[in-house]
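To start, the structure itself, in structure tokens.
The values are calculated or read from the model by the stated rules, or taken from the named source; none is laboratory data. These figures come from a predicted structure and were not determined experimentally. Backbone-built Cβ (ideal geometry, glycine too); neighbour counts: all protein chains shown.
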Amino acid sequence: MPTTSPRQRPARRRPRPVGVDTLERLKRLIGEGRYQPGSALPAERELAATLGVSRPSLREALRMLAALGAIETRHGSGTRVSATSAGVLRASFEFLLLLDRPTIDDLLDARGLIEGHLATRAAMLRDDDDLAALNDTAAIMHANAIGSRAGIEANRRFHQTIAAAARSTVLERFMACLDDGIRACIESGAATANTATSHAAHDAILAAITAGDADAARVAVAEHMRLSGINAGSARTRPVKRSR
């Protein structure tokens, strides 16, 4: 006589963590422009009433948003929506560094793709202020050894200035969240890099952008990344660590 198996019970859904639904409602209001970047959020009691949620649920949602960098809480000035997306992207990239452990090679590859495109755009879109800022940082690099603290900082600012000159908000934000990675790339090759060669590589990028030569700017960045990889040596395969 055939036996019948007992009816399987449907899998029970795990309850959503406290604050997740509230988080979604808050994100929707921010996305709809109800709360603008840089603007203050209402007091906790008022905001909870607006969302139709309990205050404990609201507090949990606010903690999540703060951890992501989407809001900022300051003593005496309340809670504000972050002025830009940079903090959100940076927090996400910090998790990438912690969990996926990308190597210097990974970052050089990403930088080559992103910065090559940014330099191309910068050559076409830069203005006099951008060129002045690039020349200022290049002068600081020339006045310092490539591995010195001042040299490393000027190097980082040089690449950030190119990103700003490209007039691409999204890619500029990506460059901002790659800050730890860029610093790691620079520091990994600083010990073996030839200062004159490094200066020449940056000068070639600057010359191409100044001349408005997009193709030359892209080629100069590719050569700079190639030299950076050579200078990094065995460090290329090591996981990147957060600088702070």
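The residue that is nearest to the chain's Cα centre (by Cα), among those in region 84-120 that are small (Gly, Ala, Ser) and modelled with pLDDT of 75 or more, is Ala110.
Note on region 161-202: residues that are among the β-branched types (Val, Ile, Thr), under 20 Å from Thr120 (Cα atoms) and either surrounded by fewer than 18 Cβ atoms within 10 Å (Cβ to Cβ) or modelled with pLDDT under 80 (or both) total 3. For region 155-165, the count of residues that are assigned to a helix (DSSP H, G or I), within 16 Å of Ile104 (Cβ to Cβ), of a type in the set (Gly, Ala, Ser) and not assigned by TED's automatic domain parsing to the domain that holds Leu68 is zero. Residues that are in contact with a Ser or Thr (Cβ under 7 Å, 6 or more places away or on another chain) and either outside the structural domain of Ile205 (by TED's automatic domain parsing) or within 13 Å of Glu153 (Cβ to Cβ) (or both) within region 117-143 comprise just one, Thr137.
Scanning region 51-83 for residues being surrounded by 15 or more Cβ atoms within 10 Å (Cβ to Cβ) and either within 21 Å of the chain's Cα centre (by Cα) or of a type in the set (Val, Ile, Thr) (or both) gives a total of 13. Which ones in region 203-227 are at pLDDT below 95 and over 16 Å from Leu113 (Cβ atoms)? Passing the criteria: only Leu227.
Kindly indicate whether any position in region 138-153 is among the basic types (Lys, Arg) and not in a helix (DSSP H, G or I). No, every residue in region 138-153 fails to be among the basic types (Lys, Arg) and not in a helix (DSSP H, G or I). Given the condition closer than 30 Å to Thr210 by Cβ and at pLDDT below 80, answer yes or no: does some residue in region 48-69 qualify? So far as region 48-69 goes, no, none of its residues is closer than 30 Å to Thr210 by Cβ and at pLDDT below 80. Among the residues of region 116-134, those that are in a helix (DSSP H, G or I), more than 16 Å from Thr169 (Cβ to Cβ) and out of contact with any Gly (no Cβ under 6 Å at 6 or more places or on another chain) comprise Gly116, Ala119, Thr120, Met124, Asp128, Asp129, Leu131, Ala132, Ala133, Leu134.
A search for C-beta distances below 9 Å between a residue of region 45-58 that is touching a residue at least 24 places away in the same chain (Cβ under 8 Å) and any residue that is outside any helix (DSSP H, G or I) and not aromatic (Phe, Trp, Tyr), counting only pairs 6+ apart in sequence or on different chains, returns Val53/Gly19; Pro56/Val18; Pro56/Gly19; Ser57/Val18; Ser57/Gly19; Leu58/Gly19.
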